[in-house]
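Everything on this sheet refers to the single structure shown next.
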Amino acid sequence: MFSFFRKKAPTPPTPALPEAPTPSPAAPTPVAAASTPAAPAAAPRQGWLDKLKAGLRKTGSGIATVFTGTQIDEALYEELESALLMADTGVKATTHLLADLKRRVKESKTTDPAAVKGLLADAIADLLAPLQKPLVIGEHKPTVIMVAGVNGAGKTTSIGKLTRHLADSGASVLLAAADTFRAAAREQLAVWADRNTVEIITQQGGDPAAVSFDAVTAGKARGRDVVLVDTAGRLPTQLHLMEELRKIKRVVQKADAGAPHEVLLVIDGNTGQNALMQVKAFDDALQLTGLVITKLDGTAKGGVLCAIAREKPVPVYFIGVGEKLEDLETFDAREFAQALLA
Ligand SMILES: Nc1nc2c(ncn2[C@@H]2O[C@H](COP(=O)(O)OP(=O)(O)OP(=O)(O)O)[C@@H](O)[C@H]2O)c(=O)[nH]1
Ligand SMILES: [Mg+2]
């Protein structure tokens, strides 16, 4: 499974992880490579995968009942259509998947409904494949990652988990508390900084763009590999707040011409079809480079990734399945397709 993932990794030719905690500054590191099959990371990933499967179980059993009959007929496809729509897959991705599945059934000449489930897993994996792309660290020093999203999506928690993930692959991290909107936000990020024993840049009552500028400048001066910028939650309809995000981006660019190198949108996996609207709106404002989908351990249905793949394919760098440091892992299309149908 991981070899499938790693085959897809675009660069570099040597995906070697630094073995010691000190990273090699010259070699860009796909963070995904932390999951080398032989590495001790395999065990945490299995635990994470079990949580993902448990979270998506309802979707899986909803789809599984479609294949319990004896015939592959129009009724089966109609039932599957309903099950996919119920799982937040959206009309366009559902239509695509059904057409693709019918083609696969025809080509394989299968007459067994149970076999169709396997073909559906293939169709979903192929649809999701363009979303699978590792976050690469090391091409820039620091790699500046700006994190945005609606209120409560899981931005700050994901930054905490991502810090751990990056540290595991040998990168040094600096956090920027650019959520100056809520008093408690700074403290919340500081707790994650403590847990990871990394530094945090804050300003009492500061302006989010100014904090971000300071953090990028400090990241450069201190030779950090990554600067993670936490921003306040906002709705895409709050135009002045969306403008504030654009300002943070512009000001970060002044501190480092190529930055931010990554602009991530964090999406609560429970948001359903609204997630697609969030991707479109935040991408219009910020030109997203990646997504983090959180809370797939709860009642989320998971199909929304198919909708994103079909309508606004922004890479999914990470999937979150809980509130603990180890609850974040890289996205693998085939693994996710299988978890969705498990
Ligand atoms: N079950 C579960 N809970 C999560 C996950 N990610 C975040 N949470 C919880 O979701 C809630 C909101 O998380 P935050 O990280 O504060 O979200 P945020 O986007 O930073 O929120 P604002 O800064 O207020 O916009 C917290 O209670 C988190 O513990 C996840 O993957 N699974
Ligand atoms: Mg937050």
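Computed from the coordinates by the stated procedures, all read-outs in this text should not be read as laboratory data. Since this is a predicted model, take the numbers as computed values, not measurements. Glycine gets a Cβ as well: all are built from the backbone with ideal geometry, and neighbour counts include every protein chain shown.
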For D256, what is the net charge nearby, where nearby means another residue's Cβ is under 15 Å from its Cβ and Lys, Arg count +1, Asp, Glu -1? +3
Dividing the Cα radius of gyration by the Kirkwood radius, what Rg/Rh value follows for the stretch 111-153? 1.29
In Å, the C-alpha Rg and Dmax of the chain are 20.6, 67
Counting Lys and Arg as +1 and Asp and Glu as -1, what is the net charge of the other residues whose Cβ lies under 14 Å from the Cβ of Q287? +2
Between the helical axis of 74-86 and the dominant principal axis of the chain, each derived from Cα atoms, what acute angle in degrees is found, rounded to the nearest 10? 20
Magnitude of the charge dipole, the stretch 124-278, Cβ model with Lys/Arg +1 and Asp/Glu -1, debye to 20: 180
Helix 42-55 against the longest principal axis of the chain: what's the angle in degrees, Cα atoms only, rounded to the nearest 10? 60
Only counting other Cβ atoms within 10 Å, I'd like Y77, Y317 sorted with the fewest neighbours first. Y77, Y317
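Counting other C-beta atoms within 10 Å, which of L166, L85, L341 has the fewest, and how do the rest follow? Write down the numbers at each step before the final one.
Numbers: L166 25, L85 15, L341 20.
Going from least to most buried by this count: L85, L341, L166.
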Determine the gain in length on full extension of the stretch R246-V91; use 0.36 nm per residue of separation and subtract their C-alpha separation, reporting nm with one decimal. 52.6 nm
Taking just the alpha carbons, could you work out the radius of gyration and Dmax for the stretch 209-281, both in angstroms? 13.9, 42
Degrees between helix 183-196 axis and first principal axis of the chain (Cα, 0 to 90, nearest 10): 80
Total charge dipole magnitude, the chain, about the Cα centre, Cβ charges on Lys, Arg, Asp, Glu only, Debye to nearest 20: 360
Filter K51/K249; K53/K117; K117/K301; K161/K312 down to the pairs with a C-alpha to C-alpha distance above 23 Å, please. K51/K249; K161/K312
Let me check I've understood the local charge: for T180, count other residues with C-beta under 13 angstrom from its C-beta, Lys and Arg +1, Asp and Glu -1. What total comes out? -2
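Can you give the charge dipole size of the stretch 193-342 about its Cα centre, rounded to the nearest 20 debye, using +1 on the beta carbon of Lys and Arg and -1 on the beta carbon of Asp and Glu?
420
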Compute the whole-percent fraction of alpha carbon pairs in the stretch 150-212 spaced more than 21 Å apart. 20
Hull surface divided by four, with the convex hull built on the Cα atoms of the stretch 220-342: how many nm²? 8.7
